[in-house]
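S.K.: First, the structure itself, so that you have it in front of you.
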Amino acid sequence: MVEAGAAGPAPLRIGVDVGGTNTDAVLMRDRAVLAAHKTPTTPDVTLGIVTALRGLAAVEAFGPHEVAAVMIGTTHFTNAVVEARRLTPTAAIRLGLPATSGIPPMTEWPEPLRRTLGEHIYLCRGGCEFDGRPIAPLDEAEVQRVVADVVRLGIPAVAITSVFAPVSAADEQRCAELFAAAAPGVSVSCSHEIGRVGLLERENATILNASARQLAGQITDALERAVRGFGITAPLYISQNDGTLMGVETCRRYPIATFSSGPTNSMRGAAFLSGERDCAVVDIGGTTTDVGALVHGFPREASLAVTVGGVRTNFRMPDLVSIGLGGGSVVHPGPQALRIGPESVGYELEPRARVFGGPTLTATDLAVAGGLAVVGDPARVAGLEPALVAAGLQLIEARVSELVDRARTGPEPLPVVLVGGGSVLLGQALPGASRVVRPAHYAVANAIGAAIAQVGGEVDRIVSLAARTREAALDEARREAAARAVAAGATAASVEIVEVEEVPLAYLPGNAVRIRVRAVGDLTLAQAP
Amino acid sequence: MTGRRVGADALRDVARGAAILGTGGGGNPTIGRLLAERAIREHGPVELVPLGEVPDDALAADAGGMGAPTVGVEKLASGDEHVHAFRALEGHLGRRLTHVVCGEVGGSNSLLPFVVAAHLGRPLVDADAMGRAFPELQMSIPAIYGVRATPLALADQQGNTVVLTAADNRWTERIARAITIEMGCTAALSSYVMDGRQLRQTMVAGTLSLCQELGQLVVASRARHQDACQRVADRLGGHRLFDGRVVDVGRRTETGFARGHAALDGLDRWSGSRLRVDFQNEHLVAVRDGEVVAAVPDLIIILDRETAEPITTEELRYGSRVTVIGAPCDPRWRSAGGLELVGPRVFGYDFDYVPVEALAGGTAR
């Protein structure tokens, strides 16, 4: 977190989370939340941030120069992909021939996205085997022809993916150099900087990233304008989906890394507020409940492919389990089986729920009738059958506790941290939970998650242990991951290895293993002048 | 021309069904499916011929792949190498292969025969050589009948092809795997050349159609809110061995194979019981409360309890709620010759094979 200077008060940090519905903001000094603010998200990016900053200043006056860093999490890029809007035409260049031609780039993409990006697909020679031997040498003349084509068609972005780039990125880098030399205006995204082993998923993520680069420029400009316009000169950071931060320049190049940063920030914020590092976080909203596990303070990541806007990717995403159950979920008493959700009155809880005088029996009504929450007018649900209320609350508890159980990584009961407006549906205990924690400021946990974020570095590669020992390979990966964290802005002394994963390759008598190491450290913050 | 035509849109069901019969092994079939879909879109549908209608004078070989699935998802195939391997066998034999066959159902190897059949316009036999998946070349029903895996052809994307003749099937396995590593850990493979009579004697009939049917069954049962896991068990004449929650997964590598086990705590009527499933790429043995309830070569199938999606050994993880099904293998595996190739003792267990219906007979269907 924050490196406090030797003298004077610790610097201020501002965390902002721009969600689909609300923009949340917090002002923090060290571990203390000085101010929190919630406002509807506006289409105008700059205006939304300025409104949030003004809101904070209204609660706790602060001088712009006292702020040492601003951290922003945003769903803009995720929404752009889901809606197939505001993305640019993109050339997908794969280096791997004579391999890989059986499944060309953008196979199985949704039509709207394919159309938006155009179908500029190039397969060239290059790439390497799992042990680094070249599949075929990069054919520079061939790449030059692609460069000329991209320039001729006026395509603003290219995505370069070579086979086993996580093992050797040389061909991707050379290809990028050729573009930089001959077409400096074209933005280049390379797969080795974006994803892990698994060509199609990494390539998909790289193409999406390339297509969002222009938008990333516009959004980050708007964010910077807002922050600078407010008089804050401190560095601006953007939240990534693994719970760490990146600088604005990095975000312009890797907008894909912001995907799913919302849920991650919410989980990290919950962990911070509760003081739990290994726990399950239950985020109950109006319509859905998301549950994820925190391991050493970071969300456990999904190991399988994650689909974004219909495209399979494998970038770092938190492993969430979700069900259609929230504060607005509709209760169906039914003659045989009681059912709650997945239909919800959503944001219309206020007019439609019974406690607000509406006609619909919702999960919130059960919570009020059961004495768990005081919302609206409890008298309106006083007449509910006590057996129905008890059965309904029991069902809610059972369904959430099953989710918590699925999010667990081991047999030991986990602490459970509850956040989100719908968390009133649950009582003080939950089966399978060692304890249940409801932290203060739970409604702005996501903004807090952004404000407290660290920076990280990762290594993911397949190594052959024929020529060296496992320990030597692991050590090298650890050192590289740590060096990458420092390069991303971490203070060297604070860097720790948070994850080491080793997967042997099946069906082969050789000694090849896939090694993944992740390091994180505290962001170096300058003391406020 | 007696077969039915199979288009690209059928392959999703085939892949899902193959993952069910693959008993946890074979890797993810997505890459094989995408290759096959593209080959069919480019070259037209594949003619699927019933095993019983393959003429005596037919000459066929299987088409598939060998190597590490982890590499196969990165260095994707071109599809041409599978055609090259098949062609290399023809070159060696000096004869045209009239049919393509499937070596095993499970993972991409159940889809790759569609690639070759589509490319070359040859009929594909609706059958496979195992009725399930196994990790090694000699673990094949034709081998019980003395059919050699060789001549066997391997091909890579560089234009290298190797035609191998070997002293026996175990040598074939060793040498072919060494070549595969040199080829970058994945290779296209064609092997087990047989005539029509041998095919009808040694192949398991109808398994590609069965894969498609199982895939459809899962999707349809789910849509009708039926118990899809039970429907799968019933269709295979199998037994529902256990419903439970994964509480432990241990993995280790031994001689290049991903070995390990999963421990499950029972749910509902199995509450209080525990089931352990051992695997070496495929599931080998299921032990419930200390008693073996199913063992190789019978099929031990793990499905997601809610969706009935098959779960491979790589996907097994703590907290998954699963249904475990034990289904009888092809009767030929149960012969002395079959058990010598794939019985429990081959995988290091110190007990003899007992059919799943005898072991799980007391388990309600």
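S.K.: Name the single residue, out of those in region A:448-488 being assigned to a helix (DSSP H, G or I) and touching a helix residue (DSSP H, G or I) at 6+ places or on another chain (Cβ under 7 Å), that is most open to solvent (accessible area, probe 1.4 Å).
M.R.: Checking each candidate, the answer is A:V486.
S.K.: Sort through A:T23, A:T51, A:T42, A:T88 and tell me the only one that's in contact with a strand residue (DSSP E or B) (Cβ under 9 Å, 6 or more places away or on another chain), surrounded by 17 or more Cβ atoms within 10 Å (Cβ to Cβ), β-branched (V, I, T) and assigned to a loop (DSSP other than H, G, I, E, B).
M.R.: On the way: A:T23 fails: assigned to a loop (DSSP other than H, G, I, E, B); A:T51 fails: assigned to a loop (DSSP other than H, G, I, E, B); A:T42 fails: surrounded by 17 or more Cβ atoms within 10 Å (Cβ to Cβ).
Every option except A:T88 fails the conditions.
S.K.: Quick check on region B:134-168: of everything there that is under 18 Å from B:T202 (Cα atoms) and of a type in the set (S, T, Y), which residue is surrounded by the most Cβ atoms within 10 Å (Cβ to Cβ)?
M.R.: Looking at residues that are under 18 Å from B:T202 (Cα atoms) and of a type in the set (S, T, Y), I get B:S140.
S.K.: Oh, and also: Could you tell me how many of the residues in region A:301-313 are out of contact with any Pro (no Cβ under 7 Å at 6 or more places or on another chain) and either open to solvent by 40 Å² or more (accessible area, probe 1.4 Å) or under 24 Å from A:Y442 (Cβ atoms) (or both)?
M.R.: Within region A:301-313, residues that are out of contact with any Pro (no Cβ under 7 Å at 6 or more places or on another chain) and either open to solvent by 40 Å² or more (accessible area, probe 1.4 Å) or under 24 Å from A:Y442 (Cβ atoms) (or both) number 5.
S.K.: To continue, here is another question. Just wondering, is there one or more residues in region A:446-453 that are under 28 Å from the mean Cα position of the chain (by Cα), modelled with pLDDT of 90 or more, under 30 Å from A:A234 (Cβ atoms) and not aliphatic (A, V, I, L, M)?
M.R.: yes
S.K.: Sticking with this one: How many residues are more than 8 Å from every other protein chain (Cβ to nearest Cβ), of a type in the set (A, V, I, L, M) and not in a loop (DSSP other than H, G, I, E, B) if we restrict to region B:31-61?
M.R.: 9
S.K.: Right, another one. Go through region A:415-445 and give me each residue that's outside any loop (DSSP other than H, G, I, E, B), among the aliphatic types (A, V, I, L, M) and surrounded by 21 or more Cβ atoms within 10 Å (Cβ to Cβ).
M.R.: Step one: filter region A:415-445 for residues outside any loop (DSSP other than H, G, I, E, B), giving A:415-419, A:421-425, A:433-437, A:442-445.
So of that shortlist, the ones also among the aliphatic types (A, V, I, L, M) come out as A:416-419, A:424-425, A:433, A:436-437, A:443-445.
Residues satisfying the conditions are A:V416, A:V417, A:L418, A:V419, A:L425, A:A433, A:V444, A:A445.
S.K.: Filter region A:172-216 down to the residues that are in a helix (DSSP H, G or I) and in contact with a Cys (Cβ under 9 Å, 6 or more places away or on another chain), then identify the one that is surrounded by the fewest Cβ atoms within 10 Å (Cβ to Cβ).
M.R.: A:Q173
S.K.: Would you be able to say whether some residue in region A:154-170 is open to solvent by 50 Å² or more (accessible area, probe 1.4 Å), more than 12 Å from chain B (Cβ to nearest Cβ), more than 20 Å from A:E193 (Cα to Cα) and modelled with pLDDT of 95 or more?
M.R.: The answer is yes, given that some residue of region A:154-170 is open to solvent by 50 Å² or more (accessible area, probe 1.4 Å), more than 12 Å from chain B (Cβ to nearest Cβ), more than 20 Å from A:E193 (Cα to Cα) and modelled with pLDDT of 95 or more.
Here is a yes/no grid of residues against (1) part of a helix (DSSP H, G or I); (2) aromatic (F, W, Y); (3) more than 14 Å from chain B (Cβ to nearest Cβ):
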{"position": "A:W109", "(1), (2), (3)": "no, yes, no"}
{"position": "A:L113", "(1), (2), (3)": "yes, no, yes"}
{"position": "A:C124", "(1), (2), (3)": "no, no, no"}
{"position": "A:P137", "(1), (2), (3)": "no, no, no"}
{"position": "A:E142", "(1), (2), (3)": "yes, no, yes"}
{"position": "A:A148", "(1), (2), (3)": "yes, no, yes"}
{"position": "A:V151", "(1), (2), (3)": "yes, no, yes"}
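S.K.: Yes or no: region A:147-168 includes at least one residue that is within 26 Å of A:P110 (Cβ to Cβ) and in contact with a Pro (Cβ under 6 Å, 6 or more places away or on another chain).
M.R.: There is at least one residue in region A:147-168 that is within 26 Å of A:P110 (Cβ to Cβ) and in contact with a Pro (Cβ under 6 Å, 6 or more places away or on another chain).
S.K.: State all residues of region A:241-258 that are at pLDDT below 85 and touching a strand residue (DSSP E or B) at 6+ places or on another chain (Cβ under 6 Å); if no residue qualifies, say none.
M.R.: Selection gives A:G243 alone.
S.K.: What tally of residues in region A:373-404 results from selecting those that are surrounded by fewer than 17 Cβ atoms within 10 Å (Cβ to Cβ), touching a residue at least 12 places away in the same chain (Cβ under 8 Å) and among the β-branched types (V, I, T)?
M.R.: The qualifying residues number 0.
S.K.: What single numbered condition from (1) touching a Ser or Thr at 6+ places or on another chain (Cβ under 9 Å); (2) within 12 Å of chain B (Cβ to nearest Cβ) fails to hold for A:E129?
M.R.: All conditions are met except number (1).
S.K.: Find the helices (runs of 4 or more DSSP H) located wholly in region B:62-123 whose residues include 2 or more that are closer than 18 Å to B:A39 by Cα, among the charged types (D, E, K, R) and within 14 Å of chain A (Cβ to nearest Cβ), and list them.
M.R.: By residue number, B:80-93.
S.K.: Quickly run through region A:217-268 and pick out the residues that are more than 24 Å from A:N204 (Cα to Cα), part of a loop (DSSP other than H, G, I, E, B) and aromatic (F, W, Y).
M.R.: Across region A:217-268, the qualifying residue is only A:F230.
S.K.: Could you tell me which numbered condition A:G370 fails, if it satisfies all but one of (1) over 17 Å from the mean Cα position of the chain (by Cα); (2) open to solvent by less than 20 Å² (accessible area, probe 1.4 Å)?
M.R.: Condition not satisfied by A:G370: (2).
S.K.: Let me ask you something else. Please work out which one of (1) surrounded by fewer than 17 Cβ atoms within 10 Å (Cβ to Cβ); (2) more than 30 Å from A:A35 (Cβ to Cβ) is the condition A:T491 fails and give its number.
M.R.: (2)
S.K.: Looking only at strands (runs of 3 or more DSSP E) that lie completely in region B:280-325, which have at least 1 residues being in contact with a Pro (Cβ under 9 Å, 6 or more places away or on another chain) and open to solvent by 10 Å² or more (accessible area, probe 1.4 Å)?
M.R.: Counting at least 1 such residues, we get B:291-295, B:299-304.
S.K.: Determine which member of the set B:A58, B:A36 is open to solvent by less than 30 Å² (accessible area, probe 1.4 Å), of a type in the set (A, V, I, L, M) and farther than 21 Å from B:P142 by Cα.
M.R.: Being open to solvent by less than 30 Å² (accessible area, probe 1.4 Å), of a type in the set (A, V, I, L, M) and farther than 21 Å from B:P142 by Cα holds for just one of B:A58, B:A36, which is B:A36.
Listed here are the residues, each with its yes/no results for (1) farther than 15 Å from A:T287 by Cβ; (2) assigned to a loop (DSSP other than H, G, I, E, B).
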{"residue": "A:V331", "(1), (2)": "no, no"}
{"residue": "A:A337", "(1), (2)": "yes, yes"}
{"residue": "A:V355", "(1), (2)": "yes, no"}
{"residue": "A:L384", "(1), (2)": "yes, yes"}
{"residue": "A:L388", "(1), (2)": "yes, no"}
{"residue": "A:A391", "(1), (2)": "yes, no"}
{"residue": "A:Q394", "(1), (2)": "yes, no"}
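S.K.: If we keep just the residues of region A:217-244 that are open to solvent by less than 10 Å² (accessible area, probe 1.4 Å), farther than 23 Å from A:E499 by Cα and β-branched (V, I, T), which is farthest from the chain's Cα centre (by Cα)?
M.R.: For region A:217-244, the residue satisfying everything is A:I232.
S.K.: Which residues, taken from region B:339-354, are in a loop (DSSP other than H, G, I, E, B) and in contact with a Phe, Trp or Tyr (Cβ under 6 Å, 6 or more places away or on another chain)?
M.R.: B:G343
S.K.: Please find, within region A:277-300, the residue that is nearest to B:N28 (Cα to Cα) out of those that are open to solvent by 20 Å² or more (accessible area, probe 1.4 Å) and not in a strand (DSSP E or B).
M.R.: Among them, the one singled out is A:R300.
S.K.: Are any residues in region B:206-250 of a type in the set (S, T, Y) and open to solvent by 10 Å² or more (accessible area, probe 1.4 Å), and if so, which ones?
M.R.: B:S209
Matching residues to (1) over 19 Å from A:A443 (Cα atoms); (2) assigned by TED's automatic domain parsing to the domain that holds A:P413:
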| site | (1), (2) |
| --- | --- |
| A:E224 | yes, no |
| A:G229 | yes, no |
| A:A271 | no, no |
| A:D290 | no, yes |
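S.K.: Let me ask another. Of these, B:R259, B:R245, B:R231, which one is in contact with a Leu (Cβ under 8 Å, 6 or more places away or on another chain) and farther than 28 Å from B:R12 by Cβ?
M.R.: Answer to the check: B:R245.
The values are calculated or read from the model by the stated rules, or taken from the named source; none is laboratory data. As the structure is a prediction and not an experimental result, all values here were calculated from the model. Here the Cβ is made from the backbone with ideal geometry for all residues, glycine too, and neighbour counts use every protein chain on show. Surface areas here come from the heavy atoms of the whole protein model, side chains and all, with no ligands, DNA or RNA. Shrake-Rupley method; radii C 1.70, N 1.55, O 1.52, S 1.80 Å.
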